[in-house]
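Before any comments, here is the structure.
The values are calculated or read from the model by the stated rules, or taken from the named source; none is laboratory data. Since this is a predicted model, take the numbers as computed values, not measurements. So basically every Cβ, Gly included, is an ideal-geometry build from the backbone, and we count neighbours across all protein chains shown.
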Amino acid sequence: MVSLSVRDVVVTYPAAGGGVVTAVDRVSLEVARGEVVALLGPSGCGKSSLLRAVAGLEPVVAGDVRWDGENVLDVPVHRRGFGLMFQDGQLFVHRDVAGNIAYGLAGMPRAEQRDRVAELLELVGLEGYERRSVATLSGGERQRVALARSLAPRPRLLMLDEPLSALDRNLRERLAGEVAEILRRAHVTSLYVTHDHHEARTVADRVGVMIAGRLAQLGAPNEVWGAPASPAVAEFLGV
């Protein structure tokens with residue numbers, strides 16, 4: 001069952017010398033309920049611009065974005081029910097771990113907040129960390145707290161923009177497997193942006209390769225790496 005539908009979306013930016021630069025060029029894709037789709041590509045290919053357009057953080061100059069068939073382009077960012085996680089985690093240093101995770105649960109009764117925080121800490125493997133200062137956590141622990149905070153309000157769609165890119169390679173590879181397990185246990189529909197091949201293959205049910213603003217190929221990891229759709233895709237994948 002399709003949850004997210006992106007149809008012929010175009011995103012442009014003003015060019016330094018006048019005119020515009022097309023960052024996303026007529027991209028279409030669908031994401032099924034509970035599916036994790038990774039957008040993989042080199043720096044500047046438009047993958048983060050597409051993510052931000054779906055979130056409502058960038059204007060869409062053509063095309064549309066639909067959730068369960070409803071066009072959300074005119075829906076304010078805070079009313080779309082979408083969650084966002086960025087590479088730096090953006091945790092609040094003046095709040096402890098529980099306070100960070102509970103940030104998106106304002107209005108929920110305190111007892112329910114505690115239960116939800118405990119549930120999420122178990123999900124991300126940080127049981128007992130409620131009162132820990134985020135300043136004392138390792139990079140991997142901070143990103144797991146950021147993921148728990150993004151999941152706390154039960155978003156319809158979770159969008160992750162290079163969430164592990166600030167970590168060293170060994171930690172990134174280990175956490176990619178943990179994130180994949182967490183997303184599947186949470187049954188959350190996800191759009192995951194990365195430039196890392198291993199990360200995309202580990203996390204995603206399907207991988208979309210973006211080249212120069214276009215979605216050059218979309219398919220299961222084994223399909224994409226086994227049969228690149230073009231020489232440009234093959235070159236990027238190193239196949």
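In the stretch 158-174, the residues that are at negative phi and surrounded by 19 or more Cβ atoms within 10 Å (Cβ to Cβ) form Cβ pairs under 8 Å with partners that are in a loop (DSSP other than H, G, I, E, B) and hydrophobic (A, V, I, L, M, F, W, C), at six or more places apart or across chains, as follows: L158/V188; R172/L164. The C-beta contact set for the stretch 176-192 (first residue more than 13 Å from R144 (Cα to Cα), second residue part of a helix (DSSP H, G or I), distance under 7 angstrom, 6+ apart or interchain) comprises R185/L123; A186/L123; A186/L151; V188/L151; S190/L183; L191/L51; L191/V54; Y192/V203.
Please note which helices (runs of 4 or more DSSP H) are completely contained in the stretch 172-239 and include at least 1 residues that are more than 17 Å from the chain's Cα centre (by Cα). Outline the logic, then answer.
Numbers: elements: 197-203, 221-226, 231-237.
Passing ranges, in order: 221-226, 231-237.
Can you say whether L126 is farther than 27 Å from S5 by Cβ, at pLDDT 95 or above and assigned to a loop (DSSP other than H, G, I, E, B), as far as the supplied structure shows? Yes; evaluated as a whole, the condition is true for this residue.
Return yes when P221 is at pLDDT 95 or above and either within 23 Å of L50 (Cα to Cα) or surrounded by fewer than 23 Cβ atoms within 10 Å (Cβ to Cβ) (or both) and no when it is not.
Working: at pLDDT 95 or above: yes; either within 23 Å of L50 (Cα to Cα) or surrounded by fewer than 23 Cβ atoms within 10 Å (Cβ to Cβ) (or both): yes.
So P221 fits the description; yes.
Yes/no matrix, rows are residues, columns are (1) within 17 Å of L160 (Cβ to Cβ); (2) touching a helix residue (DSSP H, G or I) at 6+ places or on another chain (Cβ under 9 Å); (3) loosely packed, with under 13 Cβ neighbours inside 10 Å; (4) polar (S, T, N, Q):
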| site | (1), (2), (3), (4) |
| --- | --- |
| V2 | no, no, no, no |
| S5 | no, no, no, yes |
| V9 | no, yes, no, no |
| A15 | no, no, yes, no |
| G19 | no, no, yes, no |
| A23 | no, yes, no, no |
| L29 | yes, yes, no, no |
| V37 | yes, no, no, no |
| G46 | yes, no, no, no |
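One residue is enough: does the stretch 191-205 have a residue meeting the conditions in contact with a Gly (Cβ under 6 Å, 6 or more places away or on another chain) and at pLDDT 95 or above? Scanning the stretch 191-205 turns up at least one residue that is in contact with a Gly (Cβ under 6 Å, 6 or more places away or on another chain) and at pLDDT 95 or above. Among the residues of the stretch 19-36, the ones that are within 22 Å of L151 (Cβ to Cβ) and not in a strand (DSSP E or B) come to 3 in all. The one condition from (1) under 21 Å from the mean Cα position of the chain (by Cα); (2) in a loop (DSSP other than H, G, I, E, B) that V145 does not meet is (2).
Of all residue pairs spaced 6 or more apart or on separate chains, those with beta-carbon atoms under 7 Å, a first member in the stretch 7-18 that is in a loop (DSSP other than H, G, I, E, B) and a second member that is surrounded by fewer than 16 Cβ atoms within 10 Å (Cβ to Cβ) and not acidic (D, E) are A15/V21.
Residues being closer than 25 Å to S165 by Cβ, among the acidic types (D, E), touching a strand residue (DSSP E or B) at 6+ places or on another chain (Cβ under 8 Å) and surrounded by 15 or more Cβ atoms within 10 Å (Cβ to Cβ) are represented in the stretch 48-70 by at least one member. Consider V117 carefully, then state whether it is over 15 Å from the mean Cα position of the chain (by Cα), of a type in the set (A, V, I, L, M) and part of a loop (DSSP other than H, G, I, E, B). No: the conditions fail for V117. Scanning for something surrounded by fewer than 20 Cβ atoms within 10 Å (Cβ to Cβ), part of a loop (DSSP other than H, G, I, E, B) and either of a type in the set (S, T, Y) or modelled with pLDDT of 95 or more (or both), does the stretch 98-106 turn up at least one residue? Checked the stretch 98-106: no residue is surrounded by fewer than 20 Cβ atoms within 10 Å (Cβ to Cβ), part of a loop (DSSP other than H, G, I, E, B) and either of a type in the set (S, T, Y) or modelled with pLDDT of 95 or more (or both).
Within the stretch 37-86, the set of residues being of a type in the set (G, A, S), part of a strand (DSSP E or B) and free of Cβ contacts under 8 Å to residues at least 60 places away in the same chain comprises A62, G63.
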